[in-house]
Amino acid sequence: MNNKDEQAYLDIYAHYYNYLNFVGLKKGFSLAKVKDSINDTFLYLWENHGKMICVVHHHNYIITAFLRKLYKKEKFNAGDSIVLDDLPEFLLSPSVEETYITKQSQSASSRVLQNYVEQLPAKQRQLIYQKFYLGLSYQEIADTNGISINTVYNTIYKAVDKLKLLLEKEQTPLLTLAITTILFLFVFFFK
């Protein structure tokens with residue numbers, strides 16, 4: 001490696017050190033174990049830098065490598081973990097501001113989403129309500145409405161797709177958040 005590569009490596013190490021430290025402590029590991037795992041991770045990255053050319057998502061790679069080092073069974077023992085009571089309160093729960101912002105964002109997203117759901121045809125609106133608001137399974141919706149399960153899948157898919165198109169037309173930050181919420185709900189309840 002040349003000096004430019006070494007400096008880039010040191011910049012990455014400095015950038016990720018506090019973040020990985022926070023993640024490790026949040027997972028319940030001792031400070032010593034976390035620091036050792038961070039150093040082991042970056043030692044591995046240093047020694048294998050030639051193999052990293054094919055890595056597309058470097059952030060995910062670094063986090064995954066760190067977590068693997070952290071959870072490595074042969075090095076973990078009960079003395080390495082810390083009790084959650086020993087952590088400062090701010091690491092255990094979200095701040096008041098964060099909670100307020102989250103609630104406001106969810107509330108605004110729900111209102112926007114509800115306005116667009118009301119624009120759907122009655123049958124799509126009914127199935128969306130049963131799936132996402134009542135939490136019924138696809139089979140339960142099919143049985144309740146006397147339709148095939150394939151019809152349920154197709155109708156809900158078309159409704160979500162239509163909502164996505166309606167929301168994309170607006171392209172405001174709030175609507176972008178609503179799109180994300182819809183996609184999350186769809187993926188979460190699609191199982």
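The values are calculated or read from the model by the stated rules, or taken from the named source; none is laboratory data. This one's a predicted model, so the numbers in the text were calculated from it and none came from an experiment. Cβ: placed from backbone, ideal geometry, glycine included. Neighbour counts: every protein chain shown. These area figures cover heavy atoms from the full protein model, side chains too; ligands, DNA and RNA do not enter into them. Shrake-Rupley method; radii C 1.70, N 1.55, O 1.52, S 1.80 Å.
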Positions within the range 105-126 being outside any helix (DSSP H, G or I) and touching a Ser or Thr at 6+ places or on another chain (Cβ under 7 Å), in sequence order = none
Quick one: count up the residues across the range 127-149 that are within 29 Å of the chain's Cα centre (by Cα) and either of a type outside the set (S, T, N, Q) or part of a helix (DSSP H, G or I) (or both).
-> 14
Test result for residue 90, open to solvent by less than 70 Å² (accessible area, probe 1.4 Å) and at pLDDT below 85 | no
Any idea which of 157, 153 is without any contact (Cβ under 8 Å) to a residue 12 or more places away in the chain, of a type outside the set (Asp, Glu) and outside any loop (DSSP other than H, G, I, E, B)?
-> 157
